[in-house]
Structure formats: structure tokens, C-alpha cells
Amino acid sequence: MNIALVGYGKMGKAIEAIAVERGHNIVLKITSANKSDLTLLKSNHVDVAIEFTNPDVAPENVLQCLNAGVSTVCGSTGWYNQLDEVLKVNAASNTALLYASNFSVGVNIFFEVNKYLAKLMNTQPDYNVAMEETHHTQKKDAPSGTAITLAEQILEQLKRKDNWVLGSTQQKNELGIEAHRIENVPGTHVVTYSSEIDEIEIRHTAHNRKGFAMGAVLAAEYIHGKSGVFSMKDVLGI
């Protein structure tokens with residue numbers, strides 16, 4: 001495949017290394033310094049664009065790729081308030097779009113464990129649930145997209161919780177998410193159920209960016225030649 005990397009920071013470089021290792025060609029590398037090169041998607045015969053930037057520019061980047069007829073994998077989070085517009089363009093352009101709050105294979109398995117545990121805990125009112133996430137200081141959105149996904153899964157299963165809030169909370173109907181930003185931390189997410197008797201905790205800790213990068217490349221391989229909207233559950237068959 002010919003791949004365009006939209007965003008060429010640490011994550012973009014990790015994706016490049018794995019994509020090249022798997023036999024793909026990186027034909028465009030887009031940064032804030034050469035953003036105008038997004039107009040070269042067609043002339044460079046790009047098959048799939050992989051977008052990892054930030055919530056301020058991600059929607060515009062994705063729209064430009066889709067309008068050019070290029071299927072897109074988007075790993076940026078914090079922009080989903082503009083998702084409806086992106087989905088309309090995706091449908092009109094007959095391209096494929098795969099967006100996810102996290103591309104790690106391990107995290108997507110963690111999502112399934114989280115849903116199942118929340119379902120079990122719905123009948124155990126003595127347990128209160130709280131969440132904590134830690135990321136590198138360059139991550140602009142808080143809580144993380146992964147934390148929001150975990151929280152929404154819990155809210156769907158745990159009927160005694162109505163909404164999530166950033167930070168700790170004493171309100172019984174709220175799910176608190178504490179967000180920390182520390183240098184050189186790829187990402188840690190913890191869900192804890194506590195009672196007077198004991199505590200149940202599930203945790204995912206990323207050791208580096210390779211897991212996210214591999215998932216992004218697998219996603220690009222999956223949507224190549226397809227049209228529609230997909231998720232990592234499609235890629236991983238879970």
C-alpha cells in the first residue's frame with residue numbers, strides 16, 4: 001500500500017517503522033510545516049491516510065483526505081463533536097473511515113473485559129467505581145479518548161451511574177475520572193471497584209507506542225479497498 005502519514009511526531013514515526021517493516025510505502029509525511037502537501041494525496045497515489053495529530057486540526061485533516069477519495073484511519077481523539085459532518089463526507093465520497101480512541105490490540109481486549117466486569121458489578125451496589133488515566137504531557141485532551149470509551153462502557157452497564165466527570169467526585173450517580181500528565185508515559189488506564197470489604201481493579205499499561213502503531217497499520221490494511229465506517233472490533237474480530 002501507499003500510505004500518507006498525517007502527523008509525523010513520535011507516533012507517526014512509530015507507525016512508519018512498522019508500516020515499512022510490513023512492506024508498505026510511506027509516500028507522504030504531513031506536518032504543520034507542510035500541511036499544504038495534503039493536496040498531493042491523489043498525485044502520490046495514496047491508498048490510505050493514517051491521521052494522528054490533535055483535536056484542533058484532526059477533523060479538517062480527515063475531511064480533506066476523504067474529499068480526495070482517500071480512505072482514512074484516524075487516531076486523534078477529542079474531536080468527535082464534529083463526527084456527524086465527517087461521516088456524511090465519508091458516505092458521499094464512498095471511502096472507508098476507521099476511527100478509534102485506541103488502536104492497541106491489548107486495549108481493545110481491555111475494553112471487552114471492562115464491559116463484562118461492569119455488567120457483573122451492576123448487581124453489586126456496595127461497590128463504587130472510579131477511573132484513573134495517565135499519559136505523556138504532550139497529550140492535549142483530558143480525559144483521554146480511551147478513558148471516555150471505558151467510562152461510556154461502564155455507564156451503559158452500571159445503572160447506578162448517570163454520567164462521568166473529570167476528577168474525583170462524591171456524587172453517587174457520577175463516575176469520576178482522574179487524569180494525570182507525566183513525561184514519557186505512553187498510557188495507563190485503571191478501573192477500580194471499591195467496597196468496605198475489598199477492591200477489584202483492572203489495569204492496562206502501555207510500555208511503548210509500538211502497540212498503538214501496529215494497530216494503526218493493521219487498521220489501514222483492513223480498510224484498504226473497502227468503503228464504509230469501521231472500528232477496531234472489525235479489525236480484530238472481537
Starting from residues that are touching a Lys or Arg at 6+ places or on another chain (Cβ under 7 Å) and in a loop (DSSP other than H, G, I, E, B), keep the ones in segment 3-57 and report whichever is surrounded by the most Cβ atoms within 10 Å (Cβ to Cβ). Tyr8
Can you pull out every residue in segment 60-84 that is under 20 Å from Glu152 (Cβ atoms), crowded, with 18+ Cβ neighbours inside 10 Å and not β-branched (Val, Ile, Thr)? Cys74, Gly75, Ser76, Gly78, Trp79
With segment 74-175 as the region, which strands (runs of 3 or more DSSP E) entirely inside it contain at least 3 residues that are touching a Lys or Arg at 6+ places or on another chain (Cβ under 9 Å)? 128-135
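For every residue, the table says whether it meets (1) within 18 Å of the chain's Cα centre (by Cα); (2) modelled with pLDDT of 95 or more; (3) more than 24 Å from Lys210 (Cβ to Cβ); (4) surrounded by fewer than 19 Cβ atoms within 10 Å (Cβ to Cβ).
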| site | (1), (2), (3), (4) |
| --- | --- |
| Val86 | yes, yes, yes, no |
| Asn90 | no, yes, yes, no |
| Leu98 | yes, yes, no, no |
| Ser101 | yes, no, no, no |
| Ser104 | yes, no, no, no |
| Val107 | yes, no, no, no |
| Lys115 | yes, yes, yes, yes |
| Ala118 | no, yes, yes, no |
| Gln124 | no, yes, yes, yes |
Of all residues in segment 149-203, which are on the phi > 0 side of the Ramachandran plot and in contact with a His (Cβ under 9 Å, 6 or more places away or on another chain)? Asn184, Gly187
Does His180 satisfy being at pLDDT below 95, under 23 Å from Val107 (Cα atoms), not polar (S, T, N, Q) and not in a loop (DSSP other than H, G, I, E, B)? yes
Cβ contacts < 7 Å: first residue more than 15 Å from Val217 (Cβ to Cβ), restricted to segment 95-111; second residue in a helix (DSSP H, G or I) and at pLDDT below 95, any location; separation 6+ or different chain. Result? Ser101/Gly145; Ser101/Thr146; Ser101/Ile148; Ser101/Thr149; Gly106/Gly211; Val107/Thr146; Phe111/Thr149
Restricted to segment 1-48 and to residues being small (Gly, Ala, Ser) and touching a Leu at 6+ places or on another chain (Cβ under 7 Å), the residue modelled with the lowest pLDDT is Gly12
Looking at segment 167-197, which of its residues are surrounded by fewer than 13 Cβ atoms within 10 Å (Cβ to Cβ), free of Cβ contacts under 8 Å to residues at least 40 places away in the same chain and under 24 Å from the mean Cα position of the chain (by Cα)? Gly167, Ser168
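The values are calculated or read from the model by the stated rules, or taken from the named source; none is laboratory data. These figures come from a predicted structure and were not determined experimentally. Note that we place each Cβ from the backbone using ideal geometry, even for glycine, and neighbour counts take in every protein chain shown.
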